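Data first, discussion second: the structure below is written as C-alpha cells.
The values are calculated or read from the model by the stated rules, or taken from the named source; none is laboratory data. Source: prediction; values computed, not measured. Neighbour counts are summed over all protein chains in view; Cβ atoms, including those assigned to glycine, are modelled from backbone coordinates with ideal geometry. When the accessible area is computed, the model is the full protein with side chains, heavy atoms only, and any ligands, DNA or RNA have been set aside. Shrake-Rupley method; radii C 1.70, N 1.55, O 1.52, S 1.80 Å.
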Amino acid sequence: MHFSWRVMLACAVLTSAAAGLLAQDDVPRVELHDGAGRLLVHGKPFLIRGGELGNSSAGTAAQADEILPRLARMHINTVLMPVAWEQMEPVEGQFDFSILDHWMDMARQQDQHLVLLWFGSWKNAFSEYAPSWVKADTRRFPREMPAGGQPTEILSPLGGETLRADSRAFAALMRHVRERDSTQQTVLMVQVENEIGFLGVGGRDRSDAANRLFDGAVPAELLQALDARRSKLSPEMAAHFHAAGHTWREVFGNSADEAFMAWQYGRFVQGVAAAGKKEYALPMYANAQLPAPLERAGEYPSGGPHPSVQDVYRAAAPSIDFYAPDIYWPDFESWVERYQAAGNPVFVPEARMDAAAYNGLYVFGEARGFGFSPFGVDGLPTAEDAKAGPSLADVYAMIEDLNDTLLAAQAKNQVRALVLHATSPRPTRTVALDGYLFTATLSRTWPARTLATSDGAMMVMETAPDEFLVAGCGLTVTMARDPDTDSQVAGIASIEQVTRKDGQWVTERRLNGDQSNQGRQLPMDAHAMRVYRVKLYSYLR
C-alpha cells in the first residue's frame, strides 16, 4: 500500500505538471501568418473590436458596472483599461487588486475581454501614475534632466531602483492575473508602460549619469544586432548607422540622441516585461506617441518605439512581442504601413474617434490587422443615441457579422480595403482582388451630382470565384478586369444587399436599374454601413 500511494502521488504530480504545460500552451499569443497579424485565443484567431477607456475611467470598481454593459451594446468585445501603479501598490510591498478583479468579473458577465495598460513609471512619457512613495524619493528614484540643468518630475530609465520596483509590481500584477484568469482568459494582452520617451529640451536625458553613458561606448550587443540586420534597418537608421564607430555620436551621427534614449527605455521595458512574463506569458506590446509634423525630438517623446528606432528596441527588449502606433494624425494609413514594414502585426491601440468608422475597415481589411481601438470610447453615446451617419458601433456590428468570413479572407490574403475623403489627394482609389479592379469615388446626389458625404470606406472580400462581399458606405464602386491579369471585360451579374441572420446571409434587397446605375456600378449607402454581395462575370471582347 505504501508503494501504491507513492505511485499515485507521482502520477498526480505528473498530471498536474502536464496540465500546467497545457495551460501555458493555451495562453493567448500573437503571430504573423503570411503577412497577416493574428491573435490566437484558446488556439483560435480572434478579432479585437476594441476601445480604449479615458485615463480616469477605470479608477474605481463601480465604473465597470456602468461602462462595460454600455460598451457591450456597442459591439465592443475588448476594452483597453489602465491599471495604475499608484493604486495597485499605494504602500511599498502591499498590493491591492480589488478594482481589477471587479473589472474582470464584469467583463466576463458581458462576454468581453480586457487588454491591460500598465501605467507604471511612465504614461504619455510623464510619471504621474507612479506611487507617491516613488515620486517623493528623488535619490532612490532619479529623475531625467533636460538641457539647461533643471530636473523634471519624470523618472529616469537609468534608475536601477526604479526598474526593480516597477518590475516587482508588474510581476505581482501578472501573477495575480494568471492565478485568477488563466482559464477564462478575460485578459488577452498587456501594454508595458505608455508612450515612453524623453520630453524636454535637447532630445535626451542630460543628467551626469546619462552624459557618462552617452560619451562612452555603444554596447557591443546593440552594435552586433544592428550590423546583423543591416539590410533590414529602417531608412532613418540605415542613413546614420556606422558600425565602426565607438561612441553614440560616432555610431549614430545626428540621430544619436534618439538612439541613445531608445536603448535606455528599451532596456528598462525589457526588465519589466521579462519579470511579468516569468509569471504569465501573455502577449506584451509597447505603444508610441507619434511625432506631429515638424516636431523635434523632445517635443514628442524622443526615443519611444517609433519606426525609425525599432531596430534598437528589438535588440534591447526581446520580451516585447510587437510595437503599436497611437495614430491621431491624418496620415493614418502611412503610419500603419510603417509599422507593418518594421515587422509588426497590425494592432492600433489608440486612434482618433472622428475617423474610426472608416479607419477600422482599413485595419481589418487592407492591413489584415487583428485589432483596432479608438480612444475614449466610454465617452461615446450608445448606438441608439448616436447621431446620423456611421458610428463605431455600426462598423463593429458589421465586423461582428463578418467575423468568420473576414478571418478566412485575412488568412488567404483575399481581402482589400480603402478609405476616401473629400480632402484626399485623388478623387478615386482602386484596389485589386482576384483579377478585378474595384475603383471607388465618394457618393454623390442625383441629379445635382454634389457630394453626398465627405468620407467613405469599403472592405472587399472574395468568398468564391467571381463573388465578393463589399462592406462599407459612402462610395460608388466600379468593377473592371485587371489589365495585368487578362484582356477580358467585366460585368455585374448581380448585387444584393445582405444581412446576417441566424448565422446565414439573407438578402434584404436585390439592386438593379437605378440602384446599380443600370448594371454598371455599386452605389453604396451614403451614410449607413451595409454589406453587399456582388457577383461578377467576364468575357472576351
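Selection of first residues in segment 88-107 that are under 17 Å from Asp137 (Cβ atoms) and of second residues that are open to solvent by 50 Å² or more (accessible area, probe 1.4 Å) and small (Gly, Ala, Ser), restricted to Cβ pairs under 8 Å at least 6 apart or on distinct chains, gives the following pairs, ordered by first then second residue: Pro90/Ser132. Look at (1) open to solvent by less than 30 Å² (accessible area, probe 1.4 Å); (2) aliphatic (A, V, I, L, M); (3) under 20 Å from Asp394 (Cβ atoms) and you find that Ala490 fails only one, number (3).
Filter segment 199-222 for residues that are in a loop (DSSP other than H, G, I, E, B) and open to solvent by 40 Å² or more (accessible area, probe 1.4 Å); which is nearest to Asn124 (Cα to Cα)? Once the filter is applied, the top-ranked residue is Val201. Close contacts from segment 345-358, counting a first residue that is aromatic (Phe, Trp, Tyr) and a second that is part of a loop (DSSP other than H, G, I, E, B), with Cβ to Cβ under 9 Å and a gap of 6+ residues or different chains, come to Phe347/Gly369; Phe347/Phe370; Phe347/Ser373; Tyr358/Pro390; Tyr358/Gly474.
Scanning segment 293-310 for residues that are over 19 Å from the mean Cα position of the chain (by Cα) and either over 19 Å from Met261 (Cα atoms) or not hydrophobic (A, V, I, L, M, F, W, C) (or both) yields a count of 9. As a summary of the residue check, Arg416 satisfies the conditions (1) in a helix (DSSP H, G or I); (2) touching a residue at least 24 places away in the same chain (Cβ under 8 Å); (3) open to solvent by 40 Å² or more (accessible area, probe 1.4 Å) except for the one numbered (1). Taking the conditions (1) of a type in the set (Val, Ile, Thr); (2) at pLDDT 95 or above; (3) open to solvent by 10 Å² or more (accessible area, probe 1.4 Å) in turn, Ile196 satisfies each one other than (3).
Take the conditions under 22 Å from Gly216 (Cβ atoms) and either free of Cβ contacts under 8 Å to residues at least 40 places away in the same chain or aromatic (Phe, Trp, Tyr) (or both) and apply them to Tyr265. Does it pass? Yes. Before we move on, is Pro381 under 25 Å from Asp502 (Cα atoms) and part of a loop (DSSP other than H, G, I, E, B)? No, not satisfied. Apart from one condition, Val30 fits all of (1) among the aliphatic types (A, V, I, L, M); (2) assigned to a strand (DSSP E or B); (3) under 13 Å from Phe375 (Cα atoms); the exception is (3). Which residues, counting only those in segment 451-487, are open to solvent by less than 30 Å² (accessible area, probe 1.4 Å) and within 16 Å of Tyr539 (Cα to Cα)? Selection gives Met479, Asp482.
Select from segment 97-125 the residues that are part of a loop (DSSP other than H, G, I, E, B), open to solvent by 10 Å² or more (accessible area, probe 1.4 Å) and either over 15 Å from Gln191 (Cα atoms) or in contact with a helix residue (DSSP H, G or I) (Cβ under 6 Å, 6 or more places away or on another chain) (or both) and list them in ascending order.
Phe97, Gln110, Asp111 - these are the residues of segment 97-125 that are part of a loop (DSSP other than H, G, I, E, B), open to solvent by 10 Å² or more (accessible area, probe 1.4 Å) and either over 15 Å from Gln191 (Cα atoms) or in contact with a helix residue (DSSP H, G or I) (Cβ under 6 Å, 6 or more places away or on another chain) (or both).
In a residue-by-residue description of segment 428-437, the property of being on the phi > 0 side of the Ramachandran plot and open to solvent by less than 60 Å² (accessible area, probe 1.4 Å) applies to at least one position. Among the residues of segment 424-457, those that are touching an Asp or Glu at 6+ places or on another chain (Cβ under 9 Å) and within 19 Å of Asn359 (Cβ to Cβ) comprise Val431, Leu442, Ser443. For segment 507-538, the set of residues classified as out of contact with any helix residue (DSSP H, G or I) (no Cβ under 8 Å at 6 or more places or on another chain), farther than 19 Å from Ala480 by Cα and in a loop (DSSP other than H, G, I, E, B) consists of Asp525, Ala526, His527, listed by residue number. Filtering segment 33-62 to residues that are part of a strand (DSSP E or B), open to solvent by less than 60 Å² (accessible area, probe 1.4 Å) and not basic (Lys, Arg) leaves Ala36, Gly37, Leu39, Leu40, Val41, Pro45, Phe46, Ile48, Gly50, Gly51, Glu52.
For segment 133-189, a residue qualifies if it is surrounded by 13 or more Cβ atoms within 10 Å (Cβ to Cβ), hydroxyl-bearing (Ser, Thr, Tyr) and more than 19 Å from Arg267 (Cα to Cα), and the qualifying residues are Thr138, Thr152, Ser182, Thr186. Applying the set (1) within 24 Å of Phe214 (Cα to Cα); (2) part of a loop (DSSP other than H, G, I, E, B) to Glu128 leaves exactly one unmet item: (1).
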